[in-house]
Amino acid sequence: MTFTTRFAPSPTGPLHLGHAYSALLASDMAAAQGGQFLLRIEDIDQSRARAQWEDQIYDDLSWLGLRWPAPVMRQSGRLPQYRAALDQLIQMGVVYPCSCNRADIEAAAGAPQEGVPQFGPDGRIYPGTCRHRAMSSAQPDDVLRLDVAKAIQRADMTGFTETGETYHGAHKLDPDALISSVGDIILVRRNMGSSYHLSVVVDDAAQMITHVVRGEDLFEATQIHVLLQTLLGLPIPIYRHHRLIRDDAGKRLAKRDDARSLMKYRAEGASPLDIREMVGL
Ligand code: GLU
């Protein structure tokens, strides 16, 4: 199998130094192995995706010296593929509809208890209010959630190999941790037809990604991705969760941090080599 990495930005704002690091690292790793580097536009959230940002992504990445094969995969054109994966999960009986809004979840979560995690990769861990509901009761406004405990029963629990600095090594999925610190994540968001978690595993498999390179903030989400890959019978790539690029106050960069955007550095006359140096490559 060809050594294949990818960079998968969402076109919801300007790329910053953290994105540059991720993309350059993924591309460098592929080049070092004589492999290929792919680009994927994660635009399932059409309420936030903008053509302007997608164009800027192509422009910034080309300027950095990155090259990728065309056509680029765009998630907005792949709803049938996500639906097919969802149907497989529904058949297994591990999906349920949920009508809870944020306030319902807050109220049901109750007071924090010592030693019990409150937040997972998708924010507050879902307290399970709608878990008893059958798929036949689904309403158009519902989201669809994965019943993690049932999913674990259905999957031969596996694990993944991590090659990043912080979490280097072999990681077995831990059923208790998945239930208590990840919980019933959303598979299909309102008005979206999919979610980040569902789309990313379907697409990494479709693009035959052998090495997923991304920030350490997604390490926890990887457990869910590996569980979904196992349930769906998809290959499990090797992961490299890299250190995060932080601002001077030590805070990780976000899309709204325009001060660290590549556009801004370019406008100030920085070169692609300067960017490499800034991110330590
Ligand atoms: N679209 C996601 C992001 O921009 C990609 C995460 C991933 O690489 O899996 O954070």
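The values are calculated or read from the model by the stated rules, or taken from the named source; none is laboratory data. This is a predicted model, so every value here is computed, not measured. Backbone-built Cβ (ideal geometry, glycine too); neighbour counts: all protein chains shown. The protein model used for the area step is the full one, side chains on, heavy atoms only, and it has no ligands, DNA or RNA in it. Shrake-Rupley method; radii C 1.70, N 1.55, O 1.52, S 1.80 Å.
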Just to check your reading of the model, which residue among R131, R102 is under 25 Å from T222 (Cα atoms), open to solvent by 80 Å² or more (accessible area, probe 1.4 Å) and touching a residue at least 24 places away in the same chain (Cβ under 8 Å)? R131
Consider R214 against the criteria (1) open to solvent by less than 20 Å² (accessible area, probe 1.4 Å); (2) away from the ligand (no atom under 12 Å from the Cβ); (3) of a type in the set (K, R): it satisfies all of them except one. Which criterion is unmet? (2)
It is to be established whether one or more residues within region 7-26 are touching a His at 6+ places or on another chain (Cβ under 9 Å), part of a strand (DSSP E or B) and under 25 Å from Q229 (Cβ atoms). yes
Lone qualifier among L244, L234, L187, L228 - being within 14 Å of the ligand (Cβ to nearest atom) and at pLDDT 95 or above: L228
Those residues of region 26-41 which are open to solvent by 10 Å² or more (accessible area, probe 1.4 Å) and under 17 Å from the mean Cα position of the chain (by Cα) amount to L38
Residue hits (region 134-171; part of a loop (DSSP other than H, G, I, E, B) and open to solvent by less than 90 Å² (accessible area, probe 1.4 Å)) are A134, A138, D142, D147, A155, M157, T158, T163, G164, T166, Y167
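Which one is surrounded by the fewest Cβ atoms within 10 Å (Cβ to Cβ), of the residues in region 42-91 that are part of a loop (DSSP other than H, G, I, E, B) and within 13 Å of the ligand (Cβ to nearest atom)?
Filtering region 42-91 for residues that are part of a loop (DSSP other than H, G, I, E, B) and within 13 Å of the ligand (Cβ to nearest atom), the one surrounded by the fewest Cβ atoms within 10 Å (Cβ to Cβ) comes out as R48.
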What number goes with the only condition from (1) small (G, A, S); (2) under 25 Å from P272 (Cβ atoms); (3) more than 16 Å from the ligand (Cβ to nearest atom) that A30 does not pass? (3)
Region 109-124 residues that are in contact (Cβ under 8 Å) with a residue 12 or more places away in the chain, paired with ones that are assigned to a loop (DSSP other than H, G, I, E, B) and surrounded by 13 or more Cβ atoms within 10 Å (Cβ to Cβ) (beta carbon under 6 Å, 6 or more apart): A109/P127; G120/G183; D122/I185
Enumerate the pairs (first residue in region 7-22 and closer than 13 Å to S261 by Cα; second residue anywhere and of a type in the set (D, E) and more than 8 Å from the ligand (Cβ to nearest atom)) with beta-carbon separation below 7 Å, excluding pairs fewer than 6 apart on the same chain, so at least 6 apart or on different chains. P14/D258; L15/D60; H16/D257
